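Quick one: the structure is below, and I'll ask about it shortly.
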Amino acid sequence: MTADGHVLVKPRTLRVSIPAGVTDGQQIRLAGQGSPGIGGGPAGDLFLEVMIRSHRLFKAEGRDVTLTLPVAPWEAALGETVAVPTLGGSVDMKLPAGAHAGQKLRLRGRGLPGQPPGDQFVLLKIVLPPDSPRARQLFEQMKREVPFDPRADLGQ
Amino acid sequence: MNSIDRILEGQMLDESAWLEIGEFCAYLQVDRHWVVELVDAGVIEPRGPAPESWSFPASALVRARATARLVDDLGVNLAGVALILDLIEERRRLEHRLDELERLLER
């Protein structure tokens, strides 16, 4: 505020440390960083409202995060151990044998930190190997030797 | 030291942060009567039996600030404000859900 009572807007940039575990919609209060008080009074506080930008791999909801994990059909069928990226680095996760696409597995406590910390959910997505004569040959062999009708439940 | 070099540490207002009514008014720089009006109109919900023992979740700060803008800038009454804020929150929730579903479809 100027001496003649006009309001002056002066943008300024602050560097702020983001507390671990802050989630979408929460606020960070910076004491004394707001507008100066009237007549030389103490400045007010500045409140920042946090918006979490979506990440290429991780999707946060509250403190929980979800990651879609591509797995090969045999990894899902046999229940292999696969490396899964988490916020704290890669961890090994044993898939249940016969895991199916769309199945959600939980890595307890691997979400955003807090009291209690969130969980990481791993959503399985089954991907086929790139087309090749050998892959085709093996699929042909399965077709002949593994009797399976994925549409048996449709009742047609 | 240049102010931009200094790293400020703030207070995190998460869902566990409940603000006593005095603190709530001080943060918003508003009068207690105005807060009582917001509660009466259903804009914010306190915890506690009587105004002097009320406390509010940190999310009520955001609603109270938005109320001040809607009332001062657009002349909306408090019943209208409660409805607008509920609709904005519902819209945000749906947008969030839509984003999530669109991401699933992209994969």
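Would you pick out the residues in segment B:72-107 that are in contact with a strand residue (DSSP E or B) (Cβ under 8 Å, 6 or more places away or on another chain) and either open to solvent by 100 Å² or more (accessible area, probe 1.4 Å) or away from chain A (no Cβ under 13 Å) (or both)?
B:ARG107, the sole residue that qualifies.
Also, I was wondering about something else. So which residues in segment B:1-53 are in contact with an Asp or Glu (Cβ under 8 Å, 6 or more places away or on another chain) and either touching a residue at least 12 places away in the same chain (Cβ under 8 Å) or open to solvent by 60 Å² or more (accessible area, probe 1.4 Å) (or both)?
First, the residues of segment B:1-53 that are in contact with an Asp or Glu (Cβ under 8 Å, 6 or more places away or on another chain): B:21, B:25, B:27, B:39.
If the condition is that a residue be in contact with an Asp or Glu (Cβ under 8 Å, 6 or more places away or on another chain) and either touching a residue at least 12 places away in the same chain (Cβ under 8 Å) or open to solvent by 60 Å² or more (accessible area, probe 1.4 Å) (or both), then B:ILE21, B:TYR27, B:VAL39 are the ones that fit.
Then there is this: Is there any pair with a first residue in segment A:27-56 that is under 23 Å from B:LEU19 (Cβ atoms) and a second that is of a type in the set (Ser, Thr, Tyr) and open to solvent by 50 Å² or more (accessible area, probe 1.4 Å) whose Cβ atoms are under 9 Å apart and which are 6 or more apart or on different chains, and what are they?
A:GLN27/B:SER59; A:ALA43/A:SER35; A:GLY44/A:SER35; A:LEU46/A:SER35
So is A:ILE52 open to solvent by less than 100 Å² (accessible area, probe 1.4 Å) and facing chain B (nearest Cβ under 8 Å) or not?
Details: open to solvent by less than 100 Å² (accessible area, probe 1.4 Å): yes; facing chain B (nearest Cβ under 8 Å): no.
Spelling it out, it is not the case that A:ILE52 is open to solvent by less than 100 Å² (accessible area, probe 1.4 Å) and facing chain B (nearest Cβ under 8 Å).
Kindly evaluate A:GLN137 against the criterion of being polar (S, T, N, Q), out of contact with any Cys (no Cβ under 8 Å at 6 or more places or on another chain), at pLDDT 95 or above and within 24 Å of A:GLY79 (Cβ to Cβ).
Numbers: polar (S, T, N, Q): yes; out of contact with any Cys (no Cβ under 8 Å at 6 or more places or on another chain): yes; at pLDDT 95 or above: yes; within 24 Å of A:GLY79 (Cβ to Cβ): no.
So A:GLN137 fails the test.
Pick from segment A:55-80 the residues that are away from chain B (no Cβ under 11 Å), farther than 30 Å from B:GLU15 by Cβ and touching a strand residue (DSSP E or B) at 6+ places or on another chain (Cβ under 8 Å): which of them is most open to solvent (accessible area, probe 1.4 Å)?
Restricting to residues being away from chain B (no Cβ under 11 Å), farther than 30 Å from B:GLU15 by Cβ and touching a strand residue (DSSP E or B) at 6+ places or on another chain (Cβ under 8 Å), the top hit is A:GLU80.
Name the residues in segment A:7-19 that are modelled with pLDDT of 80 or more and either surrounded by 10 or more Cβ atoms within 10 Å (Cβ to Cβ) or within 19 Å of A:GLY39 (Cβ to Cβ) (or both), would you?
If the condition is that a residue be modelled with pLDDT of 80 or more and either surrounded by 10 or more Cβ atoms within 10 Å (Cβ to Cβ) or within 19 Å of A:GLY39 (Cβ to Cβ) (or both), then A:LYS10, A:LEU14, A:ARG15, A:VAL16, A:SER17, A:ILE18, A:PRO19 are the ones that fit.
Right, next: Among the residues of segment B:42-62, is there at least one that is among the hydrophobic types (A, V, I, L, M, F, W, C) and assigned to a strand (DSSP E or B)?
Just the residues of segment B:42-62 that are among the hydrophobic types (A, V, I, L, M, F, W, C), to begin with: B:43-44, B:50, B:54, B:56, B:58, B:60-62.
Then drop every residue that is not assigned to a strand (DSSP E or B), which leaves B:56.
Yes: one or more hits.
Also, quick follow-up: Within segment A:24-43, does at least one residue satisfy the condition of being in a strand (DSSP E or B), open to solvent by less than 30 Å² (accessible area, probe 1.4 Å), among the aliphatic types (A, V, I, L, M) and in contact with a Phe, Trp or Tyr (Cβ under 8 Å, 6 or more places away or on another chain)? Lay out the reasoning, then the answer.
Narrowing segment A:24-43 to residues in a strand (DSSP E or B): A:27-30.
Filter once more, so that each one left must be open to solvent by less than 30 Å² (accessible area, probe 1.4 Å): A:27-28, A:30.
Add one more test, that the residue is among the aliphatic types (A, V, I, L, M), and what stays is A:28, A:30.
Next, only the ones that are in contact with a Phe, Trp or Tyr (Cβ under 8 Å, 6 or more places away or on another chain) stay: A:28, A:30.
For segment A:24-43, residues in a strand (DSSP E or B), open to solvent by less than 30 Å² (accessible area, probe 1.4 Å), among the aliphatic types (A, V, I, L, M) and in contact with a Phe, Trp or Tyr (Cβ under 8 Å, 6 or more places away or on another chain): present.
The values are calculated or read from the model by the stated rules, or taken from the named source; none is laboratory data. Just so we're clear, the structure is a prediction, and the values are computed from it rather than from any experiment. Quick reminder, even Gly has a Cβ in these numbers, built from the backbone with ideal geometry, and neighbours come from all protein chains shown. Areas reflect the complete protein model, heavy atoms only, side chains present, ligands, DNA and RNA absent. Shrake-Rupley method; radii C 1.70, N 1.55, O 1.52, S 1.80 Å.
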